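What follows is one structure encoded as structure tokens, with my remarks underneath.
Please treat every number below as a calculation from the coordinates, not as lab data. Everything quoted here is computed from the prediction, not taken from an experiment. Ideal geometry is used to build each Cβ from the backbone, glycine not excepted, and the neighbour counts take in all protein chains shown.
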Ligand code: GRG
């Protein structure tokens, strides 16, 4: 998986416009955001799903890179003063702190466009050889557009903002998590399966895997916001509590959040069964997501939260 992530990294470096070319400020901000050391969970999931469905070609790296460009875009916009107003991410000042708000906004917009440029330039022949057909390409573009829009990430983000400082029902928290984070993670897995030409049953199994994993991912992220050290977090700790966000641990408590995330991870792992030599990889990735919560530490910290 590290090797696969390395290949996606090369695509990312090669598709980003040169920092020195005009408009250099926006190009600098795009590179700062994308090449700033993320975990690359979404591209890894995308490539893994592709391989698990029998895909053998190299176009998948472009698809996985496109997903990461969109993810980077959401992080830039999420950190803006008009959204979560965060000054630190991945242990570094956020994009708008370094480049200014207007350039950060435009860098995000340009990353979204670049993602669609990359996806739409995949090629027109092939199948599991990894070169996409026109139909597959348009299906993938459609999936990404829906995952990024109001039925996905934007929808979740809007509810996330509008729920700040309010007592919201768990159903609203579930909506926020499954849309603002779950949609792009599920989409990453689905794109891999779609490019590989997966049969319906396999696509459904991987979609369910992605849904459970994506949901658990955000619960874990919210647990970490309360329990991880600032060094581990790379962000300012406790921002969700300061902003009175509708997160799982703040609504149901850490203990129940850990239990819910654990159950979702088990669910994801059940859906990973039957993928041959890729099954252990899919399961290991699910375990990795849960272990990030450092559950023991989270439970030990219960009294302090
Ligand atoms: C139009 C697509 C679009 C977005 C605009 C700003 C916004 C609407 C949505 C924000 C969505 C968001 C940032 C959700 C949080 C997801 C999350 C858990 C991010 C952290 O992911 P990691 O841990 O980050 O994979 P790294 O740093 O490893 O890449």
Relative exposure of 53, 46, judged by other C-beta atoms within 10 Å (fewest first): 53, 46
Cα→Cβ-extended label distance, 7 Å offset, between residue 82 and residue 287, nm: 4.5 nm
Inter-label distance, nm, simple model (7 Å from Cα along the C-beta direction), residue 138/residue 109: 2.8 nm
Structure-based [θ]222 nm, the chain - -39500 (n - 2.57) summed over DSSP H runs of at least 4, per residue, nearest 500: -21000 deg cm²/dmol
Cα centroid separation, the range 1-63 to the range 87-124 (Å): 13 Å
Gap separating the Cα centres of the range 179-236 and the range 157-172, nearest whole Å: 20 Å
Theoretical FRET efficiency, 1/(1+(r/R0)^6), r = Cβ-Cβ of residue 2 and residue 200, R0 35 Å, to 0.05: 0.65
Net length gained if the chain between residue 98 and residue 19 were fully extended (0.36 nm per residue, minus Cα distance): 27.0 nm
Least to most buried among 30, 1 (fewest other Cβ within 10 Å first): 1, 30
Hydrodynamic radius of the chain per Kirkwood, over alpha carbon pairs, in Å: 19.5 Å
Extension gain from residue 164 to residue 236, taking 0.36 nm per residue of separation minus the Cα-Cα distance: 24.1 nm
Residue 151-residue 121 pseudo-label distance in nm [points 7 Å out on the Cα-to-Cβ vector]: 2.9 nm
Residue order, fewest to most surrounding Cβ atoms within 10 angstrom, among 264, 88: 88, 264
